[in-house]
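Only one structure is covered here, and it is reproduced in the block below.
The values are calculated or read from the model by the stated rules, or taken from the named source; none is laboratory data. Here the structure is a predicted model, which is why all the values come from computation and not from measurement. Every residue, glycine among them, receives a Cβ derived from its backbone with ideal geometry; neighbour counts consider all protein chains shown. The protein model used for the area step is the full one, side chains on, heavy atoms only, and it has no ligands, DNA or RNA in it. Shrake-Rupley method; radii C 1.70, N 1.55, O 1.52, S 1.80 Å.
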Amino acid sequence: DTEVTQTPKHLVMGMTNKKSLKCEQHMGHRAMYWYKQKAKKPPELMFVYSYEKLSINESVPSRFSPECPNSSLLNLHLHALQPEDSALYLCASSQVSNRLSSEAFFGQGTRLTVV
Amino acid sequence: TQLLEQSPQFLSIQEGENLTVYCNSSSVFSSLQWYRQEPGEGPVLLVTVVTGGEVKKLKRLTFQFGDARKDSSLHITAAQTGDTGLYLCAGARSSGTYKYIFGTGTRLKVLA
């Protein structure tokens, strides 16, 4: 099973709303990631969690707040977003540091539109 | 700064033709992944290459990792319309935790 499940698939939110994106994996991976992908661009790394602790924050604005409640779940809390934050948000997971199994598996993404 | 450059950016070919996509960097990576992505969907892992000089085959797709682990190529033989999509390479860099840096992407269209 190499499945990473993201919900919801689509989300439309106003600039004053608070919403959350959810991600779940059951591969026993202890590293989980959030990426943002704008149209016709490659995914860009936002956050990395390792053993449920935030290990990398790529200078992401504080209106994006990640949370890793346990080893299978990753959330991204959204508040006071701007229209330019509209994008496909991708979750991924991988082994923490095993070079021979160093691939990341991605979810289907959440298409976020900020109005 | 984009660490991984892919070429070509766009490619439109006829069914049955062969093609090669390149992924180049000045940095060394622990491993390199190739993904294919459909519009509005997440990237789907095709292959991981780990060892310098490694060659992996997946049906009509052949992947190679450069000897110095800085570059890679994807060769498709006898392309089919189902190969249409965005091809992304991603290099894994480790500083305790892996960080996956994506290439600029190659958009392939195979015409019937």
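Highlighted here are the strands (runs of 3 or more DSSP E) found entirely within segment A:17-115 that include at least 1 residues which are among the aliphatic types (A, V, I, L, M) and open to solvent by less than 60 Å² (accessible area, probe 1.4 Å): A:18-25, A:31-37, A:44-50, A:53-57, A:73-79, A:87-94, A:110-114.
Filtered by the rule that a residue be open to solvent by less than 40 Å² (accessible area, probe 1.4 Å), hydrophobic (A, V, I, L, M, F, W, C) and more than 14 Å from residue A:103 (Cβ to Cβ), segment B:47-61 gives a lone residue, B:61.
Listed by position, the strands (runs of 3 or more DSSP E) contained in chain B that have at least 3 residues being within 11 Å of the chain's Cα centre (by Cα) and within 28 Å of residue A:111 (Cβ to Cβ) are B:31-37, B:44-49, B:85-95. Find all pairs meeting these conditions: Cβ atoms under 6 angstrom apart; at least six residues apart or on different chains; first residue within segment A:22-33 and among the aliphatic types (A, V, I, L, M); second residue part of a loop (DSSP other than H, G, I, E, B). Taking only residues 6 or more apart or on different chains, the pairs are A:31/A:96.
Which one of B:29, B:65 is open to solvent by less than 20 Å² (accessible area, probe 1.4 Å) and over 20 Å from residue A:93 (Cβ atoms)? From the options B:29, B:65, the qualifying one is B:65.
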